[in-house]
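Chemist: This structure is in structure tokens; I'll ask about it shortly.
Please treat every number below as a calculation from the coordinates, not as lab data. These numbers come from a predicted model, not from an experiment. Virtual Cβ from ideal backbone geometry, glycine too; neighbours counted across all protein chains shown.
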Amino acid sequence: MTSYDQIFENNKKWMAERKASDPAFFDKIAREQNPDYLYIGCSDSRVTAEEIMGVNPGEVFVHRNVANLVNATDLNVMTVLNYGIRSLDVKHIIVCGHYNCGGVKAAMQPVDMGILNPWFRNIRDVYRMHRNELNAINDEQLRYNRLVELNVQEQCINVLKLASLQKAYIKTGYPEVHGWVFDLHTGELIDLKLDFPKLLKDIMEIYRLTDDEIWNS
């Protein structure tokens, strides 16, 4: 376990290494950010966006919460999404879950978790929508892995429901929405290869928030 004081020593070492490899590094990141990617991930301490993606500061706009949820009543994630789309003009929005997600597993336990109940209810709703598929998986670990994937898929759909996303996509053809899962056992980043245009078109009957004729084609 890293001690509290050691963190600041690590910071000094990191500063020195960055300056040695690129003397202008901090001047660059002090300018306005212009990331192409908006990443919504889990708060789990084992999963850090920049590290698993192999990118540098300034390349990814990041939001994290327990079980990587995109909840319409969560002003935090809604603010991040709207700012990323409308102000930062991001080209890709990623929802990334991970296998062995404690939040996903905790959500399915038959216990009262107090203030966590309404948050985890979103995951129970995902299970309800896909219960036939999930109940057919006998192996508990594989069932939870699949729930992680389906949760990512449903959160991507929640992104597609946003007016800011729909308007930006009509105008520019982006951002595209992607669903990923990180495998803690192997370190692999898995693209679920969701059919973004099809998912977007499929929800328009109910969640259409623009009058553009593109959705009728």
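Chemist: Which shape class, rounded, prolate or oblate, goes with the range 4-59 when its Cα gyration tensor gives a ≥ b ≥ c as root eigenvalues, a/c under 1.5 marks rounded, and past that a/b bigger than b/c marks prolate? Before the final figure, lay out each step's value.
Modeler: Details: a/c = 2.31, a/b = 1.14, b/c = 2.04.
Oblate is the answer for the range 4-59, as a/c is 1.5 or above yet b/c matches or exceeds a/b.
Chemist: Moving on to the next point. Going through the cross-link list K167/K193; K171/K193; K161/K201, which pairs have a Cα-Cα distance over 20 Å in this structure? Write out the running numbers ahead of the final one.
Modeler: Numbers: K167/K193 23 Å; K171/K193 24 Å; K161/K201 11 Å.
Among K167/K193; K171/K193; K161/K201, the Cα-Cα distance tops 20 Å for K167/K193; K171/K193.
Chemist: Looking at the chain, do any whole DSSP H helices span at least 24 angstrom along their long axis by alpha carbon and average -1.0 or above on Kyte-Doolittle, and which? Intermediate values should be presented prior to the final figure.
Modeler: Working: long enough: 4-21 (27 Å, -1.52); 140-160 (30 Å, -0.33).
Those that pass (Cα extent of 24 Å or more, hydropathy at least -1.0) are 140-160.
Chemist: Which stretch or stretches of the range 39-63 have amide N atoms under 20 Å from the point lying 7 Å from D89's Cα along the Cα→Cβ direction?
Modeler: Of the residues in the range 39-63, 39, 58-62 have backbone N under 20 Å from the label point off D89.
Chemist: Non-local amide H neighbours of H178 (under 5 Å, H modeled in plane, Pro and chain starts lacking H): which ones?
Modeler: Distant-sequence amide H within range of H178: I93, I94, V95.
Chemist: Further, regarding this structure: Peptides 57-67, 2-12: what's the order by average Cβ count within 10 Å, highest mean first? Please report the intermediate quantities before stating the final value.
Modeler: Numbers: 57-67: 18.6, 2-12: 9.2.
Descending packing order for the listed peptides: 57-67, 2-12.
Chemist: Suppose we take every Cα in the chain and form the convex hull; what volume per residue is that in Å³?
Modeler: Values: hull volume 35.2 nm³, N = 217.
In the chain, the Cα hull volume divided by residue count equals 162 Å³.
Chemist: For the range 140-211, which GluC sites (Glu not before Pro) are both in a DSSP coil and crowded by at most 13 other Cβ atoms within 10 Å? Don't skip to the end; give the middle numbers.
Modeler: On the way: sites: E140, E149, E154, E176, E188, E205; in loops: E188.
Of the GluC sites (Glu not before Pro), the ones in loops of the range 140-211 whose Cβ has at most 13 other Cβ atoms within 10 Å are E188.
Chemist: Further question on the same structure: Using helices alone, I'd like the mean residue ellipticity at 222 nm for the chain: each DSSP H run of four-plus residues gives -39500 (n - 2.57), total over residue count, nearest 500.
Modeler: On the way: 11 runs with 107 residues, N = 217.
So the calculated ellipticity at 222 nm is -14500 deg cm²/dmol.
Chemist: Still on this structure: Given charges of +1 on the Cβ of Lys and Arg and -1 on the Cβ of Asp and Glu, with all other atoms neutral, how large is the dipole of the range 128-217 about its Cα centre, in debye to the nearest 20? If you can, show how the numbers build up before the last one.
Modeler: Details: 11 positive and 15 negative charges, 54 e Å.
Dipole about the Cα centre, nearest 20: 260 debye.
Chemist: Pick out, in residue order, every one of the trypsin sites (Lys or Arg not before Pro) in the range 131-217 that is DSSP loop and has at most 11 other C-beta atoms within 10 Å; say none if there are none. If you can, show how the numbers build up before the last one.
Modeler: On the way: sites: R131, R143, R146, K161, K167, K171, K193, K198, K201, R208; in loops: K161, K193, R208.
The qualifying sites are K193.
Chemist: Would you work out if the range 35-104 is rounded, prolate or oblate? Take a ≥ b ≥ c from the square roots of the eigenvalues of the alpha-carbon gyration tensor; rounded if a/c is under 1.5, else prolate when a/b is larger than b/c, oblate otherwise. Display every interim value, and only then the final one.
Modeler: On the way: a/c = 2.47, a/b = 1.18, b/c = 2.10.
In terms of gyration-tensor shape, oblate.
Chemist: Quick check for the range 1-151: number of Lys pairs with alpha-carbon distance under 23 Å, counting only pairs 8 or more apart or on different chains?
Modeler: Numbers: K12/K28; K13/K28; K19/K28; K28/K91.
Number of lysine pairs found: 4.
Chemist: Quick one: length gained pulling R18 to I206 fully straight, 0.36 nm per residue minus the C-alpha distance? Write down the numbers at each step before the final one.
Modeler: Numbers: separation 188, 0.36 × 188 = 67.68 nm, distance 4.94 nm.
In short, 62.7 nm is gained.
Chemist: Let me ask something else about it. Translational diffusion coefficient, Stokes-Einstein: compute it for the range 91-213 using the Kirkwood radius over C-alpha pairs as Rh, at 25 °C and 0.890 mPa s, and state it as an integer in µm² s⁻¹. It would help to have the intermediate numbers written out before the result.
Modeler: Details: Rh = 15.8 Å.
Translational diffusion coefficient: 156 µm²/s.
Chemist: Give me a comma-separated list of calculated 3J(HN,Hα) values for the range 87-93, in order, Karplus coefficients 6.51, -1.76, 1.60 applied at θ = phi - 60°, integers in Hz, x for any Gly or Pro.
Modeler: Here the 3J(HN,Hα) series is 9, 8, 6, 5, 9, 9, 10 Hz.
Chemist: OK, next. In terms of modelled amide H atoms, which long-range or inter-chain residues lie less than 5 Å from the amide H of V62?
Modeler: Residues meeting the amide H criterion: Y39.
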